[in-house]
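Colleague: This is the structure, below, for whatever I ask next.
The values are calculated or read from the model by the stated rules, or taken from the named source; none is laboratory data. Not measured: the values here are computed from a predicted model. Glycine gets a Cβ as well: all are built from the backbone with ideal geometry, and neighbour counts include every protein chain shown. Please note that ligands, DNA and RNA were not included when accessible areas were found on the heavy atoms of the full protein model with its side chains. Shrake-Rupley method; radii C 1.70, N 1.55, O 1.52, S 1.80 Å.
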Amino acid sequence: ALSAVIAGVLSGLLLTVLQAHKVQPLILAAETFEVQAADDHDHGHDDADESGRIMFRLGTNVLVGVGFALLLSAALALTGRRLDWRQGALWGLAGFAIFSLAPALGMPPKLPGMGSGILEEQQAWWLGTVVATGIGLWALLLVPATWLKTIGVVLIVLPHAVGAPEVPAMAGSVPPEMAAAFVSATMVANLVFWLALGALAATTMARLGHSETHPA
């Protein structure tokens, strides 16, 4: 548990820094476009409000990081393999594929001012995609039986064959290049977060386990 807390806190902090420098400026720019489209002249962003956003995001990222680190640490422990940062990073990459990449293929991250669909349908599709991708990757990579690997591939493809909930067409105020930059920045930040989370979880588990087995 301690290793998960350490990995989650550090990874959450790293994600917050990346978001503050790469993601948040795009959100603020999109909000400016949204204000201009509404002919609202009360624009500008208060520094105190921005600091509050960063602190809230930091707390959220740390909590999410610790939660994911607990899941990842449990998975690493179940493998029974010798742990190092490379092994952890590979598991982190799998986490990125399950929780970030696969859902984003059907529902890319959206900036303020862009169209949105029915929340319940999106949540159901996201959850189904995460579960199907997770089971699919497990069957594809960790199970020796060929027929199960085939089922794994089917599960990974299935949510995208079904298709994500449709988003109503909307004449948004956000330029397409800004929306594309936001998707790219968000995905890169999440990738770095998951790689760091996996590497840190494996490293701290190995070191703490070694220190407990061989006390000074």
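Colleague: With a cut-off of at least 3 residues that are over 30 Å from A206 (Cβ atoms), name the helices (runs of 4 or more DSSP H) lying wholly within the range 53-142.
Modeller: Filter on the range 53-142 gives 102-106, 119-142.
Colleague: Same structure again: Is it fair to say A48 is farther than 18 Å from L13 by Cβ, in a helix (DSSP H, G or I) and modelled with pLDDT of 80 or more?
Modeller: Judged against the criteria, A48 is not a match.
Colleague: Separate question: Can T60 be described as modelled with pLDDT under 90 and either hydroxyl-bearing (S, T, Y) or more than 18 Å from T133 (Cβ to Cβ) (or both)?
Modeller: So T60 fails the test.
Colleague: Looking at I118, I135, which is the one that is touching a residue at least 40 places away in the same chain (Cβ under 8 Å), open to solvent by 80 Å² or more (accessible area, probe 1.4 Å) and among the β-branched types (V, I, T)?
Modeller: Only one candidate passes the filter, namely I118.
Colleague: Something else: Taking the stated definitions as given, is A180 open to solvent by less than 30 Å² (accessible area, probe 1.4 Å), out of contact with any strand residue (DSSP E or B) (no Cβ under 8 Å at 6 or more places or on another chain) and modelled with pLDDT of 90 or more?
Modeller: So A180 does not fit the description; no.
Colleague: Quickly run through the range 191-204 and pick out the residues that are surrounded by fewer than 23 Cβ atoms within 10 Å (Cβ to Cβ) and at pLDDT below 95.
Modeller: T203, T204
Colleague: It is to be established whether one or more residues within the range 121-128 are in contact with a His (Cβ under 9 Å, 6 or more places away or on another chain), closer than 14 Å to V162 by Cα and either without any contact (Cβ under 8 Å) to a residue 40 or more places away in the chain or of a type in the set (F, W, Y) (or both). Working first, answer last.
Modeller: Initial filter on the range 121-128 (in contact with a His (Cβ under 9 Å, 6 or more places away or on another chain)): none.
So far as the range 121-128 goes, no, none of its residues is in contact with a His (Cβ under 9 Å, 6 or more places away or on another chain), closer than 14 Å to V162 by Cα and either without any contact (Cβ under 8 Å) to a residue 40 or more places away in the chain or of a type in the set (F, W, Y) (or both).
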